[in-house]
Every structure is written in C-alpha cells, then in structure tokens.
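Here the structure is laid out as structure tokens; the discussion comes afterwards.
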Amino acid sequence: MEDRLNCIESTPMNLANAPHNTPLRIADLAGGESARRRLMALGFHKGDVVELDGRAILRGPLLVRNCTSDTTIALGRGVAQKVLVELVHEHS
Amino acid sequence: MSTPSVPTVIFIGQPNSGKSTLFNSIAGLKAETSNFPGTSIKHTHSRVNIEGRLLDIIDLPGTYSLCTSDPAEQIVLTHLFKEKPDLVVNIVDASTLSRGLELTLELVELGYPMVVALNMMDVAERKGVQIEAAGIESLIGAPVTPTIAAHGRGVKELLDRAFEVIDKGQALRPRPFSDDVESQVLDVERLLPPGFPIFSNARFTAIKLIETSGHACGNFLGEVDPGLGATVDRARKAIEEDRGAPAYEVISAERHHQAMKLFEETSRVLRGKRLTWDKKVDAVLMHPILGYIILAAVFMAFFFIIFKVGNPLESLLLGPFNSLKTVLAARLGDGLLFYLAEGLIQGIGGGVAIVLPYFLPLLILMSVLEDFGYLARAGFLLDAFMHHIGLHGKSVSPFILGFGCNVPAILSTRILESHRDRVLTSILIPFIPCSARTTIVLALVAFYLGPLWAMGFYAVNLLVVAVVGWVISRFIKEPSPGLILEIPSLKAPRLGSILRKTWFQVYAFVKFAWPILIGGSLVLSLLSYFRADRLINDILAPLVVKGLGLPHDLGVTLVFGFLRKELSLIMMLQALGVDYQNLMTVISREQIIVFTVFISFFIPCLSTFVILWKEIGRKWAFVSAGLSVSVALILSWTVRLVL
C-alpha cells in the first residue's frame, strides 16, 4: 500500500532496542488501551515511519520522531518496549 | 447594524499550536473588558470589539483530539458541547501539519461553522514545508488562512474570513471513512432513537458512540439505552472483526490516513533543509551529559538572578517605608492610631518592598523557560530520576511551576493521565518552595547568612521532596502508566508574551495577596495594641519556645503563615518590633534557619489547601497537611540538633 518506499521487512523488535537515526516502521502498538489511545492522539499509528533521535541516561526515556508530521515525543522505556518496529530500507 | 446577540467563538487547537498567542493578539488589542487571567488549564474568556462588531471569544486548553481521557482536555469537550459556539477557530501548527489536520478533520466531522488558522507558517517554511492553503480549503470546505500569530501576521484576514462564515454560513465537507467502517457508522446513525441527545449532527454522534464504546466514558450508554447500546456494540464488533483491531483504533487510523493524504495532496517537503537551528540546539539541550550540566546551570542561574535582582531592589524600596515609619512614630506617639498606621505601613511595605522584588524576576524567568519550551525538555531529562519517587517526567513541569505558585501547579497536574500520578504529584507540590517561600528564604537566609546557605536550603528542600515522594509511592501500589510526552519545537521567547503573562500573575497576586498582607498586618497591630497577641503566643509557647527554641513573640506569626507564607515574614518583623535591617539584634542565625524551615514546611497555605481539597479530595488534602506538619517538626528539630 506504500508506493514511495520499497521495504525489505525485517523481524519486528521493540522500540527500546531499535537502532538510532534509522527509519523504522511501527509494526504494532501493544500495551494498555490508555497508552495506545494517547499515542494515537499524538499522531503515532501502526504503519508510521519514525526515527529514534536520542535517549536519556539511566534507562531514561527515548526521543521518538514521527517522520511524516515531524513531531517528537519522549517515550518512557516501559511504553517503548510495547511499541514494535521494523527496519525500513529506503530506495529512491 | 447591531446584532441581536453576540456570537461565541471558540479557539481550539493542539497544544503548542500557538493558540493562546493568536487569542491574545486578538483579545489583547481589542479587548473591551479585561481578560481573566488563568493558567493554561482554565479557559480564558474575553469580549472583543472588532471594527464595530462584538465577539465573545473563548480560549480553551490545547487538545490533541476530541476523544480523550485526559482530564485537562475533557474540559475542552465539555465547553465545545455545552457552549454550542457560533464559530470554531481551529489553530493548526503548520510545521507539524499532518498531525494537526487530524483534529481539523475531527472538527469537520463535528460540523460547527469553522475557520482554520494555519499558524507558524514561518517555522514551516524554515523546515522546508510548502503548503497550499487554498488546496486544504477546497478539500475541507472551511476557510484556511496562513498566519504567524507571534508577529500578528494574517490575523486580520483570519477575522475577515471568520465574519464571512458567521454571516453567510458554510458547507463543510466531512470525508467518509473506508466503506466497511462508514457503513457501520451509518447503521448506528440510522438507529439513533428519537430524542437521543445529538452533539451537533447525527453522524458525529454515531462516530463518537463507536469510538468511546468499551471505553470508560462510553459504558454509560448500555444503562441509559440498552437498545442503542446493543447497536453500537454490534457496529464495534463488526469493525473489529473486519480489521483485527479495536474500533477506536481503526477510526483513529482512518482519520490519520485521511490527514496524511490531505497533507500530501496540499504540501511539498523540500529535502535537505531538515537540520534547522532548533534541531542542533535540541541535540545539546537533551544530550546525555551536556543536557544535565545545562539543566543544573539553568537552575543555579535561575535563583542567582532572582537574588541578584531582588536583593538590591529590596533594600532600595525598604528605605522610604522605614523613614515613613520613623516620622509617624514621632508624630503619632504611642496610641491606637500609631499602631494602625504601623500595621498599614508594614503590610504595604512588605507587599511592595519585600515580596515583589523577588516575586517579579521569578515570574519573568519562569515565563521565559515556559515559552522557550524548556519544561518538556527538563521532563525528558529528569524522567529517570522521577521513577525513583514513583512518578515520571510529565510531573516535572507541574513541579517546576510549583516554584512560582503551588496553586496553578496543582491545577496543572490535570495534564497527567492517571489519577494515581495526579494524587502523588499534588501531594508533593506543597513541598516545593513557591515564590512566597523563596522570598522568605532569600530575604532571611540569603540576606543574613549568605546565598550559599540559601542554596543549601534548596538542596535540602528538594531532598525532602524526593524522600517524601519515595515514601508515599511505597503506599500507592498502582503502577504509573509511563511517560508519553510531546517535546514541542523550541520557540524564541517573545517579550510581549512574557510581559503579558507576568503582568497577569502580578495582578492576581496584588489583588489576592495584598489585602491579606495588609489586613493581616493590621489585625496583628490591633492584637498587640490590645495585648491579645500574648494569649496566642502563650498557647503556642510550648511549640515555639520549647519545641523550636524561637522567641516567644513569634507564635502569632505561625497562625498568619497559614493565610500566606510571606505574611509570616512581615509579621515576624512586626512581632519582634524591629526593622528588617536590625533583625539580627534580636534573633540568632540558628533561630533564623529554624524559623525559615518551620514556616516553609509546616502547612500548605490556605489557597493551596483549598485547591488540594478541590482537586484530589478532602482525605488527601488532610494527608498533605499532616505530612507537612510532621516534616516541619522533624526538620526543625534536626536543624536545632545539628546547629
């Protein structure tokens, strides 16, 4: 259904373990209903391409940027572990 | 050309879309009545006159969507549904257009007359996003006007379009969902029983019923109307079976894709311009090492500046009041009149010369941090530490606001999604030294013992917050839901907005606190004239003299400290019968510290107590008061033992 990106899909991993500064596609939002509703209200849905921009020390939160809307959110580790992503390889 | 009734216009937009800036640039210039100040949690109401036409404009807190469990955002829904506005002004951050359009599409579904302000066009351009406003306009059927609210650009055009819609009406173009979802929506819409309360239009009502069903706020339906409850459940199940995901998620995703499509059809993103200055600054501000150094520096600078500005200002302003008192003492003798005059001067002088010099720079700096967007970044940096006291990074911003005043800080805990986090944060906030206590600490500890002592006091205070938080979180077992916090783009603070915010808060302080300061001071004068203060002092003597080792005369100041903390400071001088500069002649350094510690902690002030009661209930308000008294006693005794 995506026409711009040809994706070679890898096995999903959770966002907390994903590599930084690499486009990632959200494969699934697991976790509780309230956290999912919140993520969706902030514009993070299944299928979106995101990038990890940074992380805080001491198992602190992650900075996640939505590549389409260019919005950034801080996600606690616990929430990030419930977000499954896969690598996106871009061929232009 | 008088209109029979004044049209109501509601401003709605996602957080950080520049909604309040736009509102203020309209309300501030043309306001007929003054604005009622409030925190971003309360709404602001203003009647404005624009080229001879009256409008009632209402600024609501930012909301990401119209389907929310966040209590701060629910206020938006209540207003939107109750007020039935004549016009909705939807403010969209053009630099994050694709997400902002999700709320816009939801508002189109809602179907009230609306105009869209495509705000922060300058930021969008800097990011390399080119938007064709007319394209969006023709696709949604509502006027779309590019604006830069911070510079007042596009505001006039927006208002012109707004009046056009109010006068002539409009035909919005709500977009149907995919066929399978849309048919379920139509089913529910068709089966709405006659007399069912309809929000705006039947389709919107049907969508919201499906979206909220199974969710806490949708469950009441089954009780109110079992037939409809069954219909909605059937529609929801059908969607869930088709798509393999909860109905609310499917509908939200539908809107998300509509918004992305709308964005792609009307905008172009020029590549290669992505790394703008704010991205570079952010990389430093949230750097794993540099970020924390900057955070510490910001806080040190914060208090250093307040002290460096407040201290000379205080000495400067106190002079005239003291000479006035000397003159009056010579003229009026020792009668009742002198007591009253002295009380009046102490009260006014305290408000003007002791409190304001520290309060004012604190408010200005707080607005700078807030407008710059630093609070969210501090939340990101401190999240890991907050976990140790059972909270997460989102509580950081209420805490920081607490340094200004505990009352708006407690109100702002409504941004927290879970009740547990709200209770815990609200209980901890009274331990944050607010501006009143900062005044006492700076005016007593820093002034007499040196700034390092004041810093130490703050360090201990933060430690107290941590320890109390750690202890309470052992008792509240429920887990915290975790951090989901938007990091808004950095904005250069604008002088106008800072001054306006500061002015509103100073105004509220003068209106609310000065009468209490002056009244309290007068009452104390009368008490001491009639020698009634002795009675209170005698009653409190076991605590004040035996327990804390303070002068007998200070008992009465504690009573007034409950009204406002600054009052204790002003009363202290009056009760001891000395000028501010001569305080050390009657009280020792140790006593100053014990007094400051005890006054800072012994009880939340009256307004804080009331707001705690309102926000988290009577039980927790008393728990908070009890905690404060215990902490105050333990700390004061510890200080006595150590010094």
Subject >> Local net charge near B:Glu109, Cβ-Cβ under 15 Å (Lys/Arg +1, Asp/Glu -1) >> reply: -1
**OP:** Please give the net charge around B:Ser607, taking every other residue with its beta carbon less than 14 angstrom from that of B:Ser607, where Lys and Arg add +1 and Asp and Glu add -1.
**Re:** +3
Original post:
Under the definition of Cα pairs under 8 Å and six or more residues apart, what whole-number percent is the relative contact order of region A:13-87?
Top reply: 44 percent
Original post:
Is the shape of chain B rounded, prolate or oblate, going by the alpha carbon gyration tensor and its root eigenvalues a ≥ b ≥ c, with a/c under 1.5 for rounded and a/b larger than b/c for prolate?
Top reply: prolate
**OP:** State to the nearest 20 debye the size of the charge dipole of chain A about its Cα centre, where the only charges are +1 on K and R beta carbons and -1 on D and E beta carbons.
**Re:** 520 debye
Original post:
What's the local net charge at B:Ile348, with K and R +1, D and E -1, over the other residues with C-beta under 14 Å away?
Top reply: -1
Subject >> With 5 Å bins from 0: P(r) over region B:249-366, alpha-carbon pairs, percent >> reply: 2, 9, 10, 9, 8, 8, 8, 8, 7, 6, 6, 6, 5, 3, 3, 3, 1
Original post:
Peptide B:382-390: average number of partner chain Cβ atoms within 10 Å per residue?
Top reply: 4
Subject >> DSSP beta bridge pairing in the protein assembly as shown, given as percent antiparallel to the nearest 5 >> reply: 65 percent
**OP:** Within a 10 angstrom radius of each residue's Cβ in B:367-380, how many Cβ atoms of other chains show up on average? Whole number is fine.
**Re:** 1
Original post:
Treating the beta-carbon of each Lys and Arg as +1 and of each Asp and Glu as -1, no other charges, what is the dipole magnitude of the protein assembly as shown about its Cα centre, to the nearest 20 debye?
Top reply: 1920 debye
Subject >> Relative contact order of region B:535-587, pairs being alpha-carbon contacts under 8 Å that are 6 or more residues apart, as % >> reply: 26 percent
Subject >> Packing rank of B:524-534, B:419-429, B:311-321, where each peptide gets the mean count of other beta carbons within 10 Å, highest leading >> reply: B:419-429, B:524-534, B:311-321
Subject >> Rounded if a/c under 1.5, otherwise prolate or oblate - region B:8-168, Cα gyration tensor axes >> reply: rounded
**OP:** Over the residues of the protein assembly as shown, compute the C-alpha Rg and express it relative to 2.2 N^0.38 Å.
**Re:** 1.05
**OP:** Pull out a ≥ b ≥ c, the square roots of the eigenvalues of the alpha-carbon gyration tensor of region A:30-85, then state rounded if a/c is under 1.5, prolate if not and a/b is larger than b/c, and oblate in the remaining case.
**Re:** oblate
**OP:** Calculate the mean, over all residues of peptide B:475-483, of how many other protein chain Cβ atoms lie within 10 angstrom of the residue's Cβ.
**Re:** 4
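Each reported figure results from applying straightforward, stated rules to the coordinates on display, with no laboratory input. Here the structure is a predicted model, which means the values were calculated and not measured. Cβ coordinates were reconstructed from backbone atoms using ideal geometry, including for glycine residues, and neighbour counts include every protein chain displayed.
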